[in-house]
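This report refers to the structure that appears directly beneath it.
The values are calculated or read from the model by the stated rules, or taken from the named source; none is laboratory data. Given the structure is predicted, the values throughout are model-derived calculations rather than measurements. As a convention, Cβ positions derive from the backbone with ideal geometry for all residues, glycine included, and neighbour counts pool all protein chains shown.
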Amino acid sequence: MSVVNNMAALDPVAPQLSWSDTPFASLRSVRTDARARLLAGYIRSAIDFLSGPDRDKLTACAVPRCVRYFVKVHGRQEFCRPSCGNWAQAARFYHRHRADSGR
C-alpha cells in the first residue's frame, strides 16, 4: 500500500480554476518529468477507481488461462473481451464433441 501511495505522490498537483463560458477545474503539475507525471496520474486514477462506486463491478475473466479483470457492465457478462468468450465457446464445443466420440 505504501508503494502505491508513494508513487501517487511522485507528482504533486494543485487544482486550478479556469473561467471561460463556464467554470472549469484542472490539475496543474509542478514536475517537468513526463514519466513521473504519467505514472503518478495513472496510480491516482487506479486509487480513484478502487475507492469509488464501480469497484464492486470489478470481475475476473471466467476463462481459466486469462489473467485480466474487467468492469462488469451487464449482469450476464462473464468475459473480459469477445475473444475470451469465443475461446470458451470453442472449448465447450471441443469437450462436448470429444465426450460424444468416446475418446
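Looking at the range 58-95, which of the residues that are among the charged types (D, E, K, R) and at pLDDT 80 or above is nearest to Asp48 (Cα to Cα)? Out of the qualifying residues, it is Lys72.
Screening Ala34, Ala46 for residues that are within 26 Å of Arg81 (Cβ to Cβ) and of a type in the set (Gly, Ala, Ser) leaves exactly one candidate, Ala46. Anything in the range 75-92 that is aliphatic (A, V, I, L, M) and either surrounded by 11 or more Cβ atoms within 10 Å (Cβ to Cβ) or in a loop (DSSP other than H, G, I, E, B) (or both)? List them, or say none. Residues satisfying the conditions are Ala88, Ala91.
Listed here are the strands (runs of 3 or more DSSP E) enclosed by the range 17-74 that have at least 3 residues being under 20 Å from Asn5 (Cα atoms): 23-29. Annotation note: Cβ proximity below 8 Å between a residue of the range 32-54 that is within 23 Å of Val73 (Cβ to Cβ) and a residue that is surrounded by 13 or more Cβ atoms within 10 Å (Cβ to Cβ) (sequence gap 6+ or interchain) occurs for Ala46/Val4; Ile47/Val4; Ile47/Ala8; Asp54/Val71.
Within the range 79-93, the set of residues being closer than 12 Å to Ala62 by Cα and either of a type in the set (Phe, Trp, Tyr) or touching a Lys or Arg at 6+ places or on another chain (Cβ under 9 Å) (or both) comprises Phe79, Cys80, Arg81, Cys84, Trp87. In the range 7-25, of all residues being loosely packed, with under 10 Cβ neighbours inside 10 Å and without any contact (Cβ under 8 Å) to a residue 12 or more places away in the chain, the one that is nearest to Lys72 (Cα to Cα) corresponds to Ala25. Tell me whether the range 34-49 contains one or more residues that are of a type outside the set (A, V, I, L, M) and over 16 Å from the mean Cα position of the chain (by Cα). Looking through the range 34-49, at least one residue is of a type outside the set (A, V, I, L, M) and over 16 Å from the mean Cα position of the chain (by Cα).
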